[in-house]
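The block underneath contains the structure these notes are about, expressed in structure tokens.
Bear in mind these aren't lab numbers, they're just calculated from the coordinates by the rules spelled out. What you see is a predicted model; the values in this text were computed from it and never measured. Note: ideal-geometry Cβ built from the backbone for every residue, glycine included; neighbour counts use all protein chains shown.
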Number of protein chains: 2
Amino acid sequence: MSAWSERKLIDKIRQGAKTENSDVLLSIGDDCCELQTTACTLISTDTLVESIHFDTSFHPPYLLGRKSIAVNLSDIAAMGGRPRFVLLSLCLPEDLEWEWIKEWLDGALAILQEYDCILVGGDTVKGQSLVFTITVLGEPLAADKAVYRSGAGVGDSVWVSGMLGSAGAGLALLNYRKNHSDFSIPSSMQDLLDAHLNPSPCIELGQALAASGYVTAMQDISDGLATDLAHLCKASGVAAQIQAGQLPRHAALAEAADHLGGADNDLILRAGEDYQLVFTVKKGAAQPFMECMEQSKQNITQIGTITEGKGVFLEDNDEVAEISFQGYEH
Amino acid sequence: MSAWSERKLIDKIRQGAKTENSDVLLSIGDDCCELQTTACTLISTDTLVESIHFDTSFHPPYLLGRKSIAVNLSDIAAMGGRPRFVLLSLCLPEDLEWEWIKEWLDGALAILQEYDCILVGGDTVKGQSLVFTITVLGEPLAADKAVYRSGAGVGDSVWVSGMLGSAGAGLALLNYRKNHSDFSIPSSMQDLLDAHLNPSPCIELGQALAASGYVTAMQDISDGLATDLAHLCKASGVAAQIQAGQLPRHAALAEAADHLGGADNDLILRAGEDYQLVFTVKKGAAQPFMECMEQSKQNITQIGTITEGKGVFLEDNDEVAEISFQGYEH
């Protein structure tokens with residue numbers, strides 16, 4: 001195994017950045033890249049640090065490359081936008097194996113291609129530890145169509161996509177196995193591992209929700225529903241009450257939680273990294289909204305209601321408890 | 001002294017990101033920021049790593065904050081563009097002092113204000129070492145006015161702005177003093193220290209050069225003239241011959257080089273980080289170009305000529321030597 005070199009890395013990045021897209025006026029190899037943009041640009045940047053955001057001892061580099069991009073695309077999904085261009089800043093230890101970062105890049109390039117997104121620039125530097133900073137540029141479906149966190153109103157219904165807690169359970173299982181080499185994860189829990197190792201950004205769903213015209217506020221779930229819904233409520237100046245029994249979960253979640261000695265609702269509300277969407281639907285419009293979304297066959301669940309006040313409250317067996325900002329802090 | 005906290009840091013960043021500019025449709029506090037953009041967007045991203053790109057033992061945090069932004073704005077200057085928006089990703093050790101990062105941010109915010117540039121987003125994470133990733137968005141003066149590296153033609157003249165080697169000499173002096181506590185840097189060399197600690201991006205000059213219509217290729221000097229002019233020549237498919245006697249230098253450079261036991265031309269050609277511009281002027285147009293630039297009172301010097309072939313060659317006392325890519329590798 002040999003260490004990476006800047007020349008090999010930049011050659012591979014340039015190869016991966018090749019595009020026929022005429023909106024890329026100038027790609028990698030100059031002081032800046034130059035892009036043809038629409039009137040409205042969405043931008044987000046995220047930094048992932050080894051041993052805080054990922055564990056290379058069990059995260060295969062190809063899937064980590066995919067995930068590093070996915071979590072950034074998820075921010076565009078949360079606005080109902082279309083991702084277009086990506087910049088990569090890679091800070092890599094000098095002794096990092098070339099094979100490892102090559103596979104990381106292959107994973108990153110594969111997901112970019114999948115979402116029709118183009119690598120247009122970045123930087124590579126040497127550092128003590130692995131740090132990936134990814135910047136993604138996108139555009140809303142139309143100039144006034146981006147969905148903010150701040151639009152929720154009293155009486156709106158609260159919804160989430162997909163299943164929650166899976167990624168948190170997957171991570172906990174992988175950490176458990178790391179420390180208990182005799183433990184073998186049951187195959188029934190494979191989806192939970194996948195949710196942590198290889199999440200997909202809800203790009204298509206985000207766009208369908210924005211296009212529906214019924215969605216008043218939206219964000220992605222990266223720090224756990226308890227925290228992310230609290231952000232949405234704070235930005236909107238409202239509170240939310242959600243029903244424990246309605247929170248969508250994977251069939252294997254309870255078994256995994258049992259095994260890990262915790263509660264499945266804890267994973268759902270607090271573990272984070274599901275990269276699903278939490279959103280609100282205009283008061284009284286749940287029925288036409290559902291009819292509108294049936295056509296796109298998306299997996300969404302109503303979990304509660306927006307109320308006056310502030311904070312997020314969980315109703316469980318007739319007991320109501322505040323859970324605002326109890327999610328995971330990265 | 002107390003360590004930084006994410007809450008205090010984000011409060012300060014939000015405060016610094018406040019703007020009346022109506023092109024910022026949505027600022028910090030959502031999944032993305034949303035910007036009103038022109039048809040053409042310039043983007044660049046740079047990562048600065050402690051002990052590779054900067055030394056906190058002698059770089060005051062306020063000036064380091066300024067410089068971290070300056071080196072990014074310099075990439076926009078090199079396209080003849082106007083910087084508009086900046087995203088900051090800060091990876092900070094847990095025990096970093098709040099005062100230190102507060103001053104870093106004050107410096108960063110001051111230079112952003114100076115260049116009429118708006119902080120619109122970013123990320124803050126904990127990590128083992130200081131890593132700053134800055135992404136800057138700008139726009140060319142007009143849709144077809146960005147100056148690339150690739151436009152130099154045979155017979156064009158080669159020019160640089162400012163004085164070269166100052167930043168390299170300043171860094172070498174600071175490193176020398178770090179290891180020789182009895183050494184005091186002569187006040188005649190203060191400009192050299194400033195060139196390393198507090199460089200300014202050539203935004204105004206870059207725009208004037210792009211607007212002149214005579215400049216065929218341009219880039220900034222970050223890795224030393226020997227490397228950066230070689231990049232420009234490679235991108236343009238040409239060679240360059242430059243005259244040692246014409247390289248502009250500070251009055252104190254020779255004395256500093258003597259003291260450091262090196263040659264001043266080495267600092268000029270190879271030390272880098274001057275963040276001046278190297279550019280080419282259309283064949284036969286040096287005279288009208290100079291007249292055009294006289295009005296803007298910019299400090300620029302003709303140093304050589306573009307020729308056929310490849311590589312960068314230095315003519316010194318009738319001897320010609322190739323110096324391509326002999327600059328500093330970060």
How do A:253-262, A:87-96 rank on mean C-beta neighbours within 10 Å, highest first? A:87-96, A:253-262
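With a cut-off of 8 Å between alpha carbons and a minimum separation of six or more residues, what is the relative contact order of chain A in percent? Mind dumping the intermediate values first?
Details: 753 pairs, mean separation 73.2, N = 330.
It rounds to 22 percent for chain A.
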Relative contact order for the range B:1-159 using alpha-carbon pairs under 8 Å, separation at least 6, rounded to a whole percent? 34
Identify all lysines with a Cα-Cα distance to B:Lys102 below 21 Å; exclude those on the same chain that are fewer than 8 residues away in sequence. B:Lys8, B:Lys12, B:Lys18, B:Lys67, B:Lys126
When the charge dipole of the range A:252-330 is computed with +1 at the Cβ of Lys and Arg and -1 at the Cβ of Asp and Glu, the Cα pointing farthest to the positive end, of A:Val281, A:Leu269, A:Gly311, is that of A:Val281
Mean other chain Cβ within 10 Å across B:218-226 is 1
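Would you mind ranking A:Ile101, A:Ile28, B:Ile242 by Cβ crowding within 10 Å, fewest neighbours first? Intermediate results must be reported in sequence, preceding the final value.
Numbers: A:Ile101 21, A:Ile28 17, B:Ile242 24.
Ascending number of Cβ neighbours within 10 Å: A:Ile28, A:Ile101, B:Ile242.
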Fraction in percent of alpha-carbon pairs per bin - 20 Å, chain B: 31, 55, 14, 0
Restricting to the protein assembly as shown, what percent of DSSP beta bridges are antiparallel, rounded to 5? 75
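Ranked highest first by average number of other Cβ atoms within 10 Å, how do A:275-282, A:10-17, A:73-80 line up? Intermediate values should be presented prior to the final figure.
Values: A:275-282: 26.5, A:10-17: 15.6, A:73-80: 30.2.
Final packing ranking: A:73-80, A:275-282, A:10-17.
What is the average number of partner chain Cβ atoms found within 10 Å of a Cβ in A:45-51?
Numbers: counts 13, 4, 11, 4, 7, 2, 2.
Partner Cβ neighbours, averaged per residue: 6.
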Write down, largest first, the equivalent ellipsoid semi-axes of the protein assembly as shown in whole Å, where each equals the square root of 5 times an eigenvalue of the alpha-carbon gyration tensor. 49, 26, 23
Percent relative contact order for the range A:157-322, counting Cα pairs under 8 Å at least six residues apart, stands at 42
Quick one: putting +1 on the C-beta of Lys and Arg, -1 on the C-beta of Asp and Glu, what dipole do you get for the range B:6-140 around its Cα centre, in Debye to the nearest 20? 160
Give me D for the range A:181-256 in µm² s⁻¹, whole number, from Stokes-Einstein with Rh from the Kirkwood sum over alpha-carbon pairs, 37 °C and 0.692 mPa s. 214
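Please compute the average number of Cβ atoms from other chains found within 10 Å of each residue's Cβ in peptide B:70-81. Walk me through the numbers before you get to the answer.
Working: counts 0, 0, 1, 0, 1, 5, 2, 2, 3, 6, 0, 3.
If you average over the peptide's residues, the count of other-chain Cβ atoms is 2.
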So how strong a dipole does the protein assembly as shown carry about its Cα centre when Lys and Arg Cβ are +1 and Asp and Glu Cβ are -1, to the nearest 20 debye? 880
Over every pair of different alpha-carbon atoms in the range A:48-143, take the mean of 1/r and invert it; report that Kirkwood radius in Å. 13.7
